[in-house]
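**Student:** Sharing a structure, written as structure tokens. Questions coming.
The values are calculated or read from the model by the stated rules, or taken from the named source; none is laboratory data. No experiment lies behind these values; they were computed from the predicted model shown. Counting neighbours? That spans all protein chains shown, and the Cβs are built from the backbone with ideal geometry, glycine included. To get the accessible areas, we keep the full protein, side chains included, count just its heavy atoms, and leave off ligands, DNA and RNA. Shrake-Rupley method; radii C 1.70, N 1.55, O 1.52, S 1.80 Å.
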Amino acid sequence: LWFQGLILSFFSRGKLGRYPPWPGKIVNPPKDLKKPRGKKCFFVKFFGTEDHAWIKVEQLKPYHPHKEEMIKINKGKRFQQAVDAVEEFLRKTKGKDQASSHNSTEEKNRHNSSEERGKQSAGEEKRKASLSEGKVKKGTGEGKKRVSSVSSERGSKSPLKRAQDQSPRKRGRPPKDEKDLTIPESSTVKRVMSGTVAGFKWPPSVSEPVKDSDPHFHHFLLSQTEKPAVCYQAITKKLKVCEEETGSTSIQAADSTAVNGSITPTDKKIGFLGLGLMGSGIVSNLLKMGHTVTVWNRTAEKCDLFIQEGARLGRTPAEVVSTCDITFACVSDPKAAKDLVLGPSGVLQGIRPGKCYVDMSTVDADTVTELAQVIVSRGGRFLEAPVSGNQQLSNDGMLVILAAGDRGLYEDCSSCFQAMGKTSFFLGEVGNAAKMMLIVNMVQGSFMATIAEGLTLAQVTGQSQQTLLDILNQGQLASIFLDQKCQNILQGNFKPDFYLKYIQKDLRLAIALGDSVNHPTPMAAAANEVYKRAKALDQSDNDMSAVYRAYIH
């Protein structure tokens, strides 16, 4: 099946977010997991991920009739791998069904043969009983009845069926050869389970939004007409609080959902300022997880999509802060961060005692310290929380959050951080997160420049760039980052996932951080020069992988 609309609630998150159709199958939910009230829905596991979610019945469509349509919409490699996994699942299921049918035929033949033998044995016993009828009439009748009972049992049950009757069955789990997943639902649900879709009024096409749905959030689900996957691995997320030697704390999890498999959104009103590459994905996930969000962006048109998804519109940063309990901001650089807080109708004008401000921008420690001081001076609470990731990870809710400042505010942001990220770290006093974020991006930016340098060196020495990538992907450097950025270069596709101008900005700030403590950063300095050359070649608004062009011009 495939669905179009809002997911009722998540139970784990892998690569979910603003995503194309995705394949999955209906499975049994864990016993202690309650279905959303008033909703006729199925519990679905998505292929290629460990994601589970409740999906409303009216949002489901069959797999096979829409397969080609969905494949045309999404050409992504991971999507194709997931579709391949569906086909493999269907092949295996079909093979098992054929084997089961063959075994059933053999069993039926053995059953019939056993019945014949039973009938012959009963006839022989009856003949013997007739010969001795005048002598012990009553005893013969009882003996006849006993023999008939035994032969009937012997003929009606095969060894396989007797073994099944004798073996205990685990509660709540159907036998392995059972074909239909029994779920107490309406007749509408039963039609979906059996593959009947005539009873549904589907939207004309994927491009037309379903009422009360998110038109940019689709999944492609496998129709559960085959043998169901009833073996459910319980998904839990247990927050692990680790006190490190530095006194910092990390809240880590295997996925970005809460302890019982779902996120309970905070009842606090959330504000969000800045809807760029990172901010857009963050806000989308906050809304999907049920948070009440008010948005503002310098370019107001960017707010329209999120208003359609249920967000409220704030006219100025000051208005957003004054009407919300916790306001997040994610902007491009130190100047933008300061202007947002200190400028006309800025954040500071909306701060009152108890108001909370969380700056997610990647800036230097001096800037974030200055912002913290002015916010706290007005009675507000401040937390810095820059994020490590890119646009895709932001959309998927898989960012890494580095936080520092007000520890209580960090804990108040728990459900928000779970919605937008897979892991969050609390690093102590204000400034620590900014420093750590710059170091992380310094390493990433330097690595990207080295990748570009290696690919160009391969080219000018007559070596295959694709072969170089294949070799790297088989070695210790293998990573999603390496593969994606090399693919960008090989395909000449530099659509921004992380702007080149921003990674250069982070390198510049990291070098300045090193200078402030008299620590050499020669590798970062060399990489910075290459990015500066790429900017001079008008690559600023392309992806960071466009640094490659600095080597070929």
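**Student:** Quick one: pull the percent of accessible area on segment 268-430 belonging to carbon and sulfur, 1.4 Å probe, ligands and nucleic acids left out.
**Tutor:** Working: 2750 of 5660 Å².
Percent of accessible area from carbon and sulfur atoms in segment 268-430: 49.
**Student:** Would you mind working out the accessible area per residue for segment 268-430, using a 1.4 Å probe, and quoting it in Å²?
**Tutor:** Details: 5660 Å² over 163 residues.
Normalised by residue count, the accessible surface of segment 268-430 is 35 Å².
**Student:** Based on Cα coordinates alone, diagonalise the gyration tensor for segment 374-439, multiply each eigenvalue by 5, take square roots, and list the semi-axes in whole Å, largest first.
**Tutor:** The equivalent ellipsoid of segment 374-439 has semi-axes of 21, 14, 10 Å.
**Student:** Next up: Carbon and sulfur together cover what percent of the accessible area of segment 504-553 at a 1.4 Å probe radius?
**Tutor:** Details: 1390 of 2540 Å².
It is 55 percent, rounded to a whole number.
**Student:** Follow-up question, since we're still on this one. Per residue, how much accessible area does segment 468-507 have with a 1.4 Å probe, in Å²? Walk me through the intermediate numbers first.
**Tutor:** Values: 2060 Å² over 40 residues.
Per-residue accessible area for segment 468-507 comes out at 51 Å².
**Student:** Could you list which residues have their amide H under 5 Å from that of Val430, counting only those 5 or more apart in sequence or on another chain, with H placed in the peptide plane?
**Tutor:** Counting only residues 5 or more places away or on other chains, the set is Gly405.
**Student:** Of the cross-linked pairs Lys302/Lys532; Lys269/Lys338; Lys45/Lys94; Lys422/Lys505; Lys67/Lys94; Lys302/Lys501, which ones have a Cα-Cα span greater than 27 Å in the structure shown?
**Tutor:** From the list (Lys302/Lys532; Lys269/Lys338; Lys45/Lys94; Lys422/Lys505; Lys67/Lys94; Lys302/Lys501), the Cα-Cα distance tops 27 Å for Lys302/Lys532.
**Student:** Also, quick follow-up: To one decimal place, what orientation-averaged projected area in nm² is obtained for the convex hull of the Cα set of segment 277-410?
**Tutor:** 7.4
**Student:** Moving on to the next point. Using only Cα atoms, what is the ratio of the radius of gyration of segment 337-408 to 2.2 N^0.38 Å?
**Tutor:** Values: Rg = 13.0 Å, N = 72, 2.2 N^0.38 = 11.2 Å.
Output field value: 1.16.
**Student:** If you take the beta carbon distance between Lys269 and Ser516 as r and set R0 to 30 Å, what does 1/(1 + (r/R0)^6) give as a FRET efficiency, to the nearest 0.05?
**Tutor:** Efficiency, from the Cβ-Cβ distance: 0.20.
**Student:** Sticking with the crude label model, points 7 Å out along Cα→Cβ, report the distance from Gln308 to Asp541 in nm, one decimal please.
**Tutor:** Distance between the two pseudo-spin positions: 2.2 nm.
**Student:** Which of the peptides 309-319, 357-367, 288-298 is most tightly packed, and how do the rest follow, going by the mean number of other Cβ atoms within 10 Å of each residue?
**Tutor:** Going by the mean number of other Cβ atoms within 10 Å, highest first, we get 357-367, 288-298, 309-319.
**Student:** Using the beta-carbon distance between Gln80 and Ile439 and R0 = 41 Å, what value does 1/(1 + (r/R0)^6) give for FRET efficiency, to the nearest 0.05? Intermediate values should be presented prior to the final figure.
**Tutor:** Values: r = 36 Å, r/R0 = 0.89.
Calculated value: 0.65.
**Student:** Let me ask you something else. For segment 437-550, report the convex hull volume of the alpha-carbon atoms normalised per residue, in Å³, without decimals.
**Tutor:** 102
**Student:** Work out, in µm²/s and without decimals, the Stokes-Einstein translational diffusion coefficient of segment 305-348 at 37 °C, 0.692 mPa s, Rh from Kirkwood over C-alpha pairs.
**Tutor:** Values: Rh = 11.3 Å.
Once the numbers are plugged in, D ends up at 290 µm²/s.
**Student:** What residues qualify as long-range amide H neighbours of Phe47, i.e. H under 5 Å apart, gap of 5 or more or another chain, H built at 1.01 Å from N?
**Tutor:** Here Gly24, Lys25 satisfy the definition.
**Student:** Taking H as built 1.01 Å from N, whose amide H comes closer than 5 Å to the amide H of Thr294, not counting residues under 5 places away?
**Tutor:** Ile270, Gly271, Phe272, Arg312
**Student:** Please turn the phi angles of segment 394-408 into ³J(HN,Hα) values with the Karplus equation 6.51 cos²θ - 1.76 cosθ + 1.60 (θ = phi - 60°), one per residue in order, whole Hz, x for glycine and proline.
**Tutor:** Computed from phi, the couplings for segment 394-408 are 5, 4, 7, x, 10, 6, 10, 9, 10, 10, 7, x, 6, 5, x Hz.
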